[in-house]
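What follows is one structure encoded as structure tokens, with my remarks underneath.
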Amino acid sequence: MFRNCAIVLLTVTLSVVCAGWTPAATRNIAPAGPAVDKSFTPLDEHGRGRYIVLMQDAPLALYNGAIPGFPATAPRVLGQRKLDPTSAASQAYRALLDGKRAIVIEEMNRRLGRKAEIIEEFYAVLNGFAVSLTPAEALRVAQMPGVRSVRREHMRHLQTDNGPAWIQAPEIWNGAAPSGGPASKGESIVFGIVDSGINPLNPSFLDVGGDGYDHSNPRGKYYGVGDPADIHYDPTFPVNDKLIGAYDYLPLYDSGIAYDPRDSNGHGSHTASTAAGNFVQPATLTAPTTTVARNISGVAPHANLITYRVCLASNGCPMVCLIAGIEQAVLDGVDVINYSIGSDSKDPWTDPDSQAFLAAREAGVFVAASAGNDGPGVRRRSEMHPFRGYAPSPVRRHRAGPAPPAQTGKTAPTPRYPAPAWEKRECPWHRAWPHRKSPARRICALPVSQ
């Protein structure tokens, strides 16, 4: 356990405690604001947008056994380290969620007078579905029994040699870290890279690294395009004992996009190699006036990778694709999710990806997220989401120009969020926010963002 914690901590370059902790209470509040928001994915020619509908019942990772006849599936309740989606209890509860969701979808279609396009369904980290609706239809769906919230899809955005040595990763590699523990370079740790895909032919992701280390597959199987039982199995995609799986969720955003987990713009390969790339000795950069050759590696160079393509070549990352990738990473049982994707959220407690990361954390997955590209001044972290460990992006010891200013030790003030426009329903399972007039009452508020 120590080995896993140490490698994860170095990967995000933060002193995050690996032991269990209780998150602050969450609330389902969508901030009041203008009806038109450029961060939304666009409406189609019929005036319909993509909405994420969440159900009242808890997802697999958070279910505590409250329904008679259906045992708990949440690892925290069971005293387990990881979610087991294959257990009899998980299979039974999933069938229950699928059945309830089907009833809601059927009733939704009846009320709308048409068969709505269901884009994707979720059950592990969120319990709900993505659907194409007009804003007026979304308001109607939000009033249906069994529905907890309806939120229009937002578009997130990607964020972007000496790093491992600077954060003293070699001390973990050779067992000389002051905190003790065995030497480790990430052996048997599986990273889930939720990003723009992967370049499987890059030396950073080959089976044998530049230091001669021959990876072994700790799972004994391959995932996504590497799994012969998967509907998207692709024998031409070169999985190996380092890169043990790959998925593509961009077709959920645009059916015209061919299913292909390969990197759409290089960002995913960059972040994957930063976290867990092989030793490459040397890596050569050829420029018009010079050639630079250096030995490089990721922080956990002997770890394994599964990648999830959720971001477009234009840097946009549709929320439905993000949730699908996060859910699959949890179902695959990765140890760490790497998330170098940013947002302009005004209320991070209720964003679907934040709710998904809460469930991922409860499922035993550590989420390592970038803190943004702003700086170098103090209080420049652009990401304020809970349930994640953050690392700043500009970590370059040899950066040209003046050094960043010294930190004063002051902490940023607690963010203030706008009051909800209206409120509805008691929250039966998730950690809701106290009612502002009656603190003993816990509420779900404003389930629709138009």
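The values are calculated or read from the model by the stated rules, or taken from the named source; none is laboratory data. Values in this document were obtained by computation on a predicted structure and should not be read as measured data. No Cβ is skipped: glycine too gets one built from the backbone with ideal geometry, and neighbour counts run over all protein chains shown.
I'm trying to understand the selection: among the residues of the stretch 170-202, which are touching a Pro at 6+ places or on another chain (Cβ under 9 Å) and either under 20 Å from Tyr339 (Cβ atoms) or crowded, with 23+ Cβ neighbours inside 10 Å (or both)?
Result: Lys185, Gly186, Ile189, Val190, Gly197, Ile198.
So Arg399 clears everything in (1) part of a loop (DSSP other than H, G, I, E, B); (2) at pLDDT below 50; (3) in contact with a Lys or Arg (Cβ under 9 Å, 6 or more places away or on another chain) except one condition, right? Which one?
(3)
So Ile193 clears everything in (1) among the aliphatic types (A, V, I, L, M); (2) at pLDDT 95 or above; (3) in a loop (DSSP other than H, G, I, E, B) except one condition, right? Which one?
The one condition Ile193 does not meet is (3).
Name the residues in the stretch 267-288 that are part of a helix (DSSP H, G or I) and not aliphatic (A, V, I, L, M), would you?
Within the stretch 267-288, His267, Gly268, Ser269, His270, Thr271, Ser273, Thr274 meet the criteria.
Is it true that Ile337 is in the same structural domain as Leu206 (by TED's automatic domain parsing), outside any helix (DSSP H, G or I), hydrophobic (A, V, I, L, M, F, W, C) and within 17 Å of the chain's Cα centre (by Cα)?
yes
Could you list, in sequence order, the residues of the stretch 245-261 that are outside any strand (DSSP E or B) and in contact with a strand residue (DSSP E or B) (Cβ under 7 Å, 6 or more places away or on another chain)?
Tyr249, Leu250, Leu252, Tyr253, Tyr259, Asp260, Pro261
Given the options Ser354, Ser264, name the one that is outside any helix (DSSP H, G or I) and surrounded by fewer than 24 Cβ atoms within 10 Å (Cβ to Cβ).
After ruling out the rest, the residue left standing is Ser264.
Looking at Ala66, Ala89, Ala72 in this structure, which one is exposed (fewer than 14 other Cβ atoms within 10 Å of the Cβ), modelled with pLDDT of 95 or more, assigned by TED's automatic domain parsing to the domain that holds Arg140 and not charged (D, E, K, R)?
Ala66
Say we look at the stretch 96-115 and pick out the residues that are out of contact with any helix residue (DSSP H, G or I) (no Cβ under 6 Å at 6 or more places or on another chain) and not in a helix (DSSP H, G or I); which of these is farthest from Asp248 (Cα to Cα)?
Step by step, filter the stretch 96-115, then rank; the result is Gly113.
Write out, first by first residue and then by second, each pair whose Cβ atoms fall under 6 Å of each other, whose residues are 6+ apart or on separate chains, and whose first residue, in the stretch 119-147, is outside the structural domain of Ala356 (by TED's automatic domain parsing) and in a loop (DSSP other than H, G, I, E, B) while the second is modelled with pLDDT under 95 and surrounded by fewer than 17 Cβ atoms within 10 Å (Cβ to Cβ).
The qualifying pairs are Thr134/Gly47.
Report, by residue number, each residue of the stretch 67-85 that is farther than 18 Å from Leu97 by Cβ and among the charged types (D, E, K, R).
Result: Arg76, Arg81, Lys82.
Only residues that are assigned to a strand (DSSP E or B) and either surrounded by 14 or more Cβ atoms within 10 Å (Cβ to Cβ) or in contact with a Gly (Cβ under 9 Å, 6 or more places away or on another chain) (or both): list them for the stretch 203-230, please.
Across the stretch 203-230, the qualifying residues are Val208, Tyr223, Gly224.
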